[in-house]
Each structure stands twice: as structure tokens, then as C-alpha cells.
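The values are calculated or read from the model by the stated rules, or taken from the named source; none is laboratory data. Remember, it's a predicted structure, so these values are computed and weren't measured experimentally. Every residue, glycine as well, gets a Cβ built from its backbone with ideal geometry; the counts of neighbours run over all protein chains shown.
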Amino acid sequence: MKKAIFIDRDGTLLREPADEQIDALDKVEFVPGAISGLRALTDLGYEFVMASNQDGLGTPAFPEETFWPAQNLLLRTLEGEGIHFDDILIDPSFPEEGSPNRKPRTGMFGKYLDGSYDLAACWVIGDRETDRQLAANLGARALLVGEMDWAEIARTIRSSERSTVVARKTAETDIRIRVDLDGNGPSGVDTGLKFFDHMLSQLIHHGGIALEISCKGDLEVDEHHTIEDVGIALGEALRLALGDKRGIGRYGFALPMDESRAIVLLDFGGRSELVWDAEFTREYVGDVPTEMFRHFFKSLSDAMRANLYIQARGENNHHLAEGIFKAFARSLKQAVRRDVFSYDLPSSKGLL
């Protein structure tokens, strides 16, 4: 489904003068950070839609040449920075207060209400409470200039693209996982297996992500279904949170832990493969069967569609397991880290 960012004009993109009408060239003054903030959002797959109750810059008619000079200056300036508006909505009945088109009413948004847009994934950026109410009426999310600056707005929207919630319920397990790759939000792990919780918590502490995992599994049978299904759901959550993978490091890490060492090589290349080179000498570490560590990472690599090479050596089985999870966490942190100055896809194929 399509998604859009609906952006108010006066007070959001342009400073609003005392008479609340930007009807001359010398009144065109951008809100600080608006251009760079919009530029940071151009590669996320959103349509940009300008929506205003006032026609102070020109008429609501297309094509562009019918607009007054101030409107043309606004649009040309943004186009010069690579920012293109896919649509411009201006209340055709302005200044009638009772118009069904007047924000926060949704009359002029009709084409976006036809079911082809994922409105829950859309945003309204404005500067007034009516913009927040418009978002509520559309079923979208709202961000207000004044409460946030444009850099914070861009960061909030970009971060939302790197978070997801996965719920997976079978006859054997009931799992909910929330992942935010940029570390926003609360974290906590509860799978019913204390040592498994301890290992998964390493992803929070050493991976730099926010992670909530809850699992109710058939532990009265054994630990297999819980560990396997958490691996599947976590892999899916990581894959979805990565989105189109633009700008990520893609690869990742080795670390020592006391007498142990662990090497984890990770590639979010879209193909799944696990190479496992680690041997445990105990049947259990805590309440987790050691044979399940390999199975967990196999389920994880398959679901997140990544190559994993895991090699570990050590004498203490606790250290061995923890070293693997810590090395994976560090590898994950390196691989999902995004270069904010470049949103290129890290692949010569053009697809990951």
C-alpha cells in the first residue's frame, strides 16, 4: 500500500507573517531546518502532499504555472534541493469556515481515503492543534513544528521506519516481539527460560537496539518450541525493521570473553545460511539445552534472510554461549548501523 506525508504550508514550511498571508515574494521565509528535514525524508517511499486551508500563495489549480510567484518560488526552491511534492491540496472554498474541505475535516483528502493508502503509516506535519486533529481524523500520526524542530521530526519519521512489532501464535507458543534498531523505546525479555533471557538481553546491551520479547511456550513439553519460535519471530522482526536496507553497514565482529573467543560474521544479503563451529561439553547451561543454541541461530538466520558464520572456542560453557551472543549482538550493531549521510543500497546488484 502507498503512504504519504501530509505537510501544512504556512507555519510549517514557511514562517507565517503577522497578517497570516504569504502573498508576496518578500514574505517567503522558510522555517529553520525545513528544507534539510524534508530532504532527509525523500528516500523513504512516502509521497509528499502539501495541504493548506489558505490560498495565500496562489490558486489551487494545476499546472504549476498557474500559481502566483511566491508559490512558484517555494516549489522551485524545494525542487532544487531534490524535494518534489506529488500533490498540493488547498481548500477550494477558502475562507468559508464551515467547508467540509477545511482542516481538520478531511473533505479535500478524498483520494487518499480510497483504501490504497496505509493511513496508519502516514504522517501529518503541521504547527497547530487542527493538524493534530486532522491526523486523528485520517487515522495517521502527527508531528508539530514548535513541539519539535525539523531535525527531530525527520529523525522521528526515519526511526519509525526501523521499528516493527511481530506477533506469532501457534499451538505451541505465543510470542510478541518489538524491535527498534535505533534503540528507541523500552526493552525487556521474558521467554520463561532464564538463561535464554540472559543471552537475548545481550542483544539489547551490546547491539544498541531496543528489544521487547515475550513468549509463552509449552515448556512442560520441552524447551525446543520456545527457542526455535523465538528465533523465527526475532529474525522476522529484524528483517522487517531493516526495510529496504538503504545506508546500512550490512556486514559485521569478533570478541574475546575471558578464556573464550567468539567470531560472528553476518551478512544481510537476502540469502540465509548458517555455518556453525562451536562445541559444548555440557548438556545444559542453566535451563537451556546446549544443542538448542545452534538451532536458535539457524532459525534466526533463515527468518532474517542473512548469512551467519559462527565460530567459538572456550572451556567454560557459560562463557562460550555468552561470547557467541555478545559477538552476534556486536555484529548486528555494526551491520544495521545506518550512514545518515548516504542512503545508498550496499549492493552492486541493486537489491538486497
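Can you work out which of the residues in segment 14-49 that are assigned to a loop (DSSP other than H, G, I, E, B) and within 24 Å of the chain's Cα centre (by Cα) is nearest to residue 88 (Cα to Cα)? Spell out the reasoning first.
Quick first cut of segment 14-49, residues assigned to a loop (DSSP other than H, G, I, E, B) only: 15-24, 28-29, 31-33, 40-46.
Going one step further and asking which of them are within 24 Å of the chain's Cα centre (by Cα), we end up with 33, 40-46.
Working: 33: 21, 40: 20, 41: 18, 42: 17, 43: 20, 44: 19, 45: 18, 46: 14 Å.
Residue satisfying both the conditions and the ranking: 46.
Does residue 151 satisfy the criteria of being surrounded by fewer than 15 Cβ atoms within 10 Å (Cβ to Cβ) and on the phi < 0 side of the Ramachandran plot? Please lay out each step first, then the result.
Numbers: surrounded by fewer than 15 Cβ atoms within 10 Å (Cβ to Cβ): yes; on the phi < 0 side of the Ramachandran plot: yes.
So residue 151 passes the test.
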Query raised in the report: Out of all the residues in segment 164-190, which are over 19 Å from residue 328 (Cα atoms) and of a type in the set (Ser, Thr, Tyr)?
Result: 164, 170, 173
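Does residue 312 fit the bill of being assigned to a strand (DSSP E or B), among the small types (Gly, Ala, Ser) and in contact with a helix residue (DSSP H, G or I) (Cβ under 6 Å, 6 or more places away or on another chain)?
Values: assigned to a strand (DSSP E or B): yes; among the small types (Gly, Ala, Ser): yes; in contact with a helix residue (DSSP H, G or I) (Cβ under 6 Å, 6 or more places away or on another chain): yes.
Yes, satisfied.
Looking for whichever is touching a strand residue (DSSP E or B) at 6+ places or on another chain (Cβ under 8 Å) and on the phi > 0 side of the Ramachandran plot here; the options are 146, 183, 126, 139. Which one fits? Give the steps one after another, and end with the answer.
Details: 146 fails: touching a strand residue (DSSP E or B) at 6+ places or on another chain (Cβ under 8 Å); 126 fails: on the phi > 0 side of the Ramachandran plot; 139 fails: touching a strand residue (DSSP E or B) at 6+ places or on another chain (Cβ under 8 Å).
Going through 146, 183, 126, 139 in turn, just one is touching a strand residue (DSSP E or B) at 6+ places or on another chain (Cβ under 8 Å) and on the phi > 0 side of the Ramachandran plot: 183.
Do you know which residues across segment 5-29 are within 14 Å of residue 126 (Cα to Cα) and not acidic (Asp, Glu)? First the steps, then the outcome.
Step one: filter segment 5-29 for residues within 14 Å of residue 126 (Cα to Cα), giving 5-16.
Selection gives 5, 6, 7, 9, 11, 12, 13, 14, 15.
Each row is one residue, and each column tells you yes or no for (1) at pLDDT 95 or above; (2) surrounded by 17 or more Cβ atoms within 10 Å (Cβ to Cβ).
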{"residue": "204", "(1), (2)": "yes, yes"}
{"residue": "247", "(1), (2)": "no, yes"}
{"residue": "251", "(1), (2)": "no, no"}
{"residue": "264", "(1), (2)": "no, yes"}
{"residue": "274", "(1), (2)": "yes, yes"}
**Report entry** Residue count for segment 274-289, restricted to those that are within 17 Å of residue 221 (Cα to Cα) and of a type in the set (Ser, Thr, Tyr)
**Finding:** 1
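For every residue, the table says whether it meets (1) of a type in the set (Lys, Arg); (2) over 21 Å from residue 42 (Cα atoms).
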site: 128; (1), (2): yes, yes
site: 137; (1), (2): no, yes
site: 141; (1), (2): yes, no
site: 148; (1), (2): no, no
site: 155; (1), (2): yes, no
site: 159; (1), (2): no, no
site: 174; (1), (2): no, yes
site: 181; (1), (2): no, no
site: 186; (1), (2): no, yes
Requested in this report: Starting from segment 288-304, keep only residues that are of a type in the set (A, V, I, L, M), then list their pairs with residues that are assigned to a strand (DSSP E or B) whose Cβ atoms are within a distance under 9 Å, requiring at least 6 positions of separation or different chains.
Outcome: 300/274; 300/308
Query - Count of segment 1-40 residues which are surrounded by 15 or more Cβ atoms within 10 Å (Cβ to Cβ), in contact with a helix residue (DSSP H, G or I) (Cβ under 6 Å, 6 or more places away or on another chain) and of a type outside the set (Val, Ile, Thr) - result: 8
Query - Any hit, segment 277-293, residues being modelled with pLDDT of 95 or more, assigned by TED's automatic domain parsing to the domain that holds residue 200, closer than 21 Å to residue 191 by Cβ and within 31 Å of the chain's Cα centre (by Cα) - result: yes
Query raised in the report: Is it the case that segment 100-122 has a residue that's under 22 Å from residue 13 (Cβ atoms), in a loop (DSSP other than H, G, I, E, B) and among the hydroxyl-bearing types (Ser, Thr, Tyr)?
Result: yes
Report summary line: Looking across segment 322-332 at residues that are over 13 Å from residue 276 (Cβ atoms) and in contact with a helix residue (DSSP H, G or I) (Cβ under 8 Å, 6 or more places away or on another chain), the single one that is surrounded by the most Cβ atoms within 10 Å (Cβ to Cβ) is 329
Query raised in the report: Any residue in segment 187-194 that is surrounded by fewer than 17 Cβ atoms within 10 Å (Cβ to Cβ) and not assigned by TED's automatic domain parsing to the domain that holds residue 218?
Result: no
Report summary line: Those residues of segment 61-96 that are at pLDDT 80 or above, assigned to a loop (DSSP other than H, G, I, E, B) and of a type outside the set (A, V, I, L, M) come to a total of 5
